[in-house]
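A.B. asks: Quick one: this structure, given as structure tokens, is what I'll be asking you about.
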Amino acid sequence: MIIKGAPAGSVGFWTTHLERTDTNDAVNIRDVRGTLAQDLAGALREMQAVASGSRCRGNFMYQANINPLAHEELTPEQWVKAVDTLEKNLGLEDHQRVVIEHVKGGRQHYHIIWNRVDVDTMRVRDMGGNYYSHERTARQLEQEFGLERAPRVHGEREGERTSQRTDLWEYNRGLESGEAPKAIKAELTELWRASDSGPAFVEAIEERGYILTKGDRRDFCIIDRAGDEHSLARRLDGVTVKELKARLSGIDRASLPTVNEGKAQHAARQTGRDAEAAVIDERERLASMAKLAKADRNDNAKLKANAPLRDAQDRAFWTDYRARQDEQTEERKDAWRDKAEDQRSRAEAGGVTGKVKGVGIKVVDIVADVTVKLADFLADLFSSFVAPPEPQRTAFERLGDDPAERVAAIKAARRADAALENIADDLKRGDTVSAADIRSLSRGHLQEIAQNGDAGLLALIKRMEEDRERERDPGRGRER
């Protein structure tokens, strides 16, 4: 399984790219979470609107794609597991997202776009180290699903065993030539273990059609039967470079051909072969190609025949999946409605005062010309307490379709940030806090202060200062 991804910011480009039907046999939106719009363009525009009220500039999205190998196919349940696992490893849980399925040549692969901005906290997720999250997720899913281990996109990480490394370009080259790196490694390792000296090993590999050469940067290279070069050390499992040099110490490296000369020898050997044998090989090659072509036609016919059934099964699964998600969301809504009603009842009975802890901070109301404790001010403020925003819902789900209300919500969030900064400045100077600033805080801010009193207000200020510090130094305190 190969996973790639990067931050992105162009709504127009990704909408056009992901909805292309000229390069894909089918395009299906499998899941939309956290937005009112259920189409790709609308969902991305809503994400962009949310991000405009945050400190994110430019690449507010994160796009990733999950690609199984050509011969592998995942069930709908496995696709859900794959997307959710990648989301967790990237730290994008509960962020807005869109999941798109592409079918090309009978193969499935998935694209996922997340909003990097958390709609509840308006914090921007830092995507540093995303490549290692991709690789960790791929290895985890391969093991869980019993899939073949795919080569790394950029080779193995520094420090991993060289004998386990297969670069992607070598893997693809082996698919084209028929000389797979793994098969060559197994064959040469067997010959190495069966020989007792360097000359015996060289004779054995030459009998198998390999040519030993000297490399420009490596001591020894080989030319395989397809005419491609390999580092000999990388094609011997469990053999160190030191052990290789020791066994081949009796071989005169200066007398060996270079890699280019070895390729020329391979070409001459191919053209100088016996004519009768060449004809037989050509017939076998054509017969093998015809057999493979017939198998490909049969496989394509089966894929096309099974496509309607598979699409129906996939649609049924995703419909049921979204229904379960909606049911869980409704349960969370009901729980929070009950909690809000309980808080409202306590406020009406004067119970809010008992929940507000701490009496150190004082609030001055310039209009009324009075100064009261934070606890007393909140008790009066919460006498007409309105239930807090319901969790697990985006700002757009709470506001509805009216663009004016969306803009007003973003402005209110900005006023709340400015008020929190003013409060922080007042406390640093030892002044009383302005009642107008307290009233400008968001409902979430007020609820946390009501729950924790002075400590809650100081915690809000501390988080705000930490966010500002990360903005000044993006490399500091990154979430990994």
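Where a number appears in this text, it was derived from the coordinates with a stated rule and is not lab data. Since the structure is predicted, the reported quantities are computational estimates derived from the model, not experimental observations. Don't worry about glycine lacking a Cβ; one is built from the backbone with ideal geometry, like all the others, and counts go over all protein chains shown.
A.B. asks: Past 29 Å, Cα to Cα: identify those pairs from Lys4/Lys104; Lys339/Lys373; Lys88/Lys411; Lys4/Lys214; Lys185/Lys214; Lys333/Lys411, in the order given.
C.D. replies: Cα-Cα > 29 Å for Lys88/Lys411; Lys4/Lys214; rest within.
A.B. asks: Shifting gears a bit: Which order do peptides 140-150, 49-59 fall in by mean Cβ count within 10 Å, highest first?
C.D. replies: Values: 140-150: 14.2, 49-59: 17.2.
The peptides rank, most packed first, as 49-59, 140-150.
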